[in-house]
Amino acid sequence: MTIGIDIGGTNLSFGQVRDGQLKQVFSVPSFAPGATLEQTMEYMVSNIRRIFTKDTEKIGIGVPSVVDVDRGIVYDTQNIPSWKEVPLKEYLEDVFKVPVAVNNDANCYAMGIYGKFPANDKPKSLVALTLGTGVGIGIIENGRLFCGQNCGAGELGCLPYKDSILEDYCSKKFFTGSGWDSKEASKAAKEGNHDALLLFDEFGKHLGALVCAVLYAYDPAVVAFGGGIANNYPLFCQSMENYLSEHFPYRKTLERLKVDIFTDSDIPVVGASLI
């Protein structure tokens, strides 16, 4: 039995996972604003104890920040001001006496998606893109995460694009910048609103530019989309595919590429348990 933990800006999710299957899960509000490092650690430990048993063999944690994967040190975590440099692995191993693995949340999401594929049909290479408040990217090659030296591999959303960076055009920021809430835009588009439909059409073109960058950089067998905006894939898939056909020069790559959508709520926690 392993425990997977997803540290989000709004909620913390804790799950028991056995053989890649979620057996029990619960969520609690994220750390209180202004909480000290000691208070956040006490909160983490008290919630882990709720599902920690004598059968627990390992704890895996996904965090929205840069991570020293080998030492399990977390740096400058988004939305948690007191987490400037946190030896999370060492701290929790001292408390629970089991191995602890820590990684970036996008990498955990990629592992969760990889775990969804049947054992006899795992892709050789997979790039997962989470489309939410920002853009997260996780890369898997031959069943292993590729993190880079500072757990920063795959930050293609930071590449220059138009008047800003790709992330600003491939996440909720794009809708906000266009005067829409992404959920309201989704509802309006599904009801046939012309302006909302055009907005998603434009979003698909920008996402096509990001996928081009992914293909140039990693040439994966599978590109998998997750995150809240991925639920709207039918609204932007055609314009994304059109962009790829027009701008990506290698036809055979596009013919062989598989695109999948994964929005199951268990993915972040299961993925954390697999790192």
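The values are calculated or read from the model by the stated rules, or taken from the named source; none is laboratory data. Everything numeric in this text was worked out from a predicted model, so none of it was measured. Heads up, the Cβs are rebuilt from the backbone with ideal geometry, glycines too, and the neighbour counts pull from every protein chain shown. To get the accessible areas, we keep the full protein, side chains included, count just its heavy atoms, and leave off ligands, DNA and RNA. Shrake-Rupley method; radii C 1.70, N 1.55, O 1.52, S 1.80 Å.
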Next item on the list: Please tell me if I61 is at pLDDT 95 or above, open to solvent by less than 30 Å² (accessible area, probe 1.4 Å) and within 22 Å of E155 (Cα to Cα).
Entry: yes
Check: In the list K124, K116, which residue meets the criterion of being open to solvent by 70 Å² or more (accessible area, probe 1.4 Å), in contact (Cβ under 8 Å) with a residue 24 or more places away in the chain, under 18 Å from L274 (Cα atoms) and touching a Phe, Trp or Tyr at 6+ places or on another chain (Cβ under 7 Å)?
Finding: K116
Margin query: Would you confirm, using the coordinates I've provided, whether A153 is surrounded by 12 or more Cβ atoms within 10 Å (Cβ to Cβ), more than 19 Å from G60 (Cβ to Cβ) and aliphatic (A, V, I, L, M)?
Written below: no
Note to self: farther than 25 Å from G34 by Cβ and in a strand (DSSP E or B): is that true of A101 in this structure?
What the structure shows: yes
Item checked: Single match in G154, G138, G204 (criterion: part of a helix (DSSP H, G or I), within 26 Å of R256 (Cβ to Cβ) and small (G, A, S)) -> G204
Margin query: Among the residues of segment 214-222, are any touching a Pro at 6+ places or on another chain (Cβ under 8 Å), assigned to a loop (DSSP other than H, G, I, E, B) and in contact (Cβ under 8 Å) with a residue 12 or more places away in the chain?
Written below: yes
Check: In segment 145-175, what residues are under 16 Å from the mean Cα position of the chain (by Cα) and of a type in the set (D, E, K, R)?
Finding: E155, E167, K172
Item checked: Filtered residues of segment 154-185 (kept if of a type in the set (A, V, I, L, M, F, W, C) and under 14 Å from L199 (Cβ atoms)) -> C170, F174, F175, W180, A185
Margin query: Looking at F203 and the list (1) among the hydrophobic types (A, V, I, L, M, F, W, C); (2) closer than 30 Å to D19 by Cα; (3) out of contact with any Ser or Thr (no Cβ under 6 Å at 6 or more places or on another chain); (4) modelled with pLDDT of 95 or more, which single condition is not satisfied?
Written below: (2)
Next item on the list: Return a yes/no flag: does segment 44-63 have any residue that is within 23 Å of the chain's Cα centre (by Cα) and of a type in the set (S, T, Y).
Entry: no
Notebook entry, point to check: Limited to segment 1-19, what total is found for residues that are within 19 Å of the chain's Cα centre (by Cα) and either open to solvent by 30 Å² or more (accessible area, probe 1.4 Å) or polar (S, T, N, Q) (or both)?
Noted result: 5
Check: What residue, among those in segment 191-201 that are of a type in the set (D, E, K, R) and in a helix (DSSP H, G or I), is least open to solvent (accessible area, probe 1.4 Å)?
Finding: D201
Notebook entry, point to check: Residues in segment 74-84: is at least one farther than 26 Å from G134 by Cα and either touching a residue at least 24 places away in the same chain (Cβ under 8 Å) or surrounded by fewer than 16 Cβ atoms within 10 Å (Cβ to Cβ) (or both)?
Noted result: no
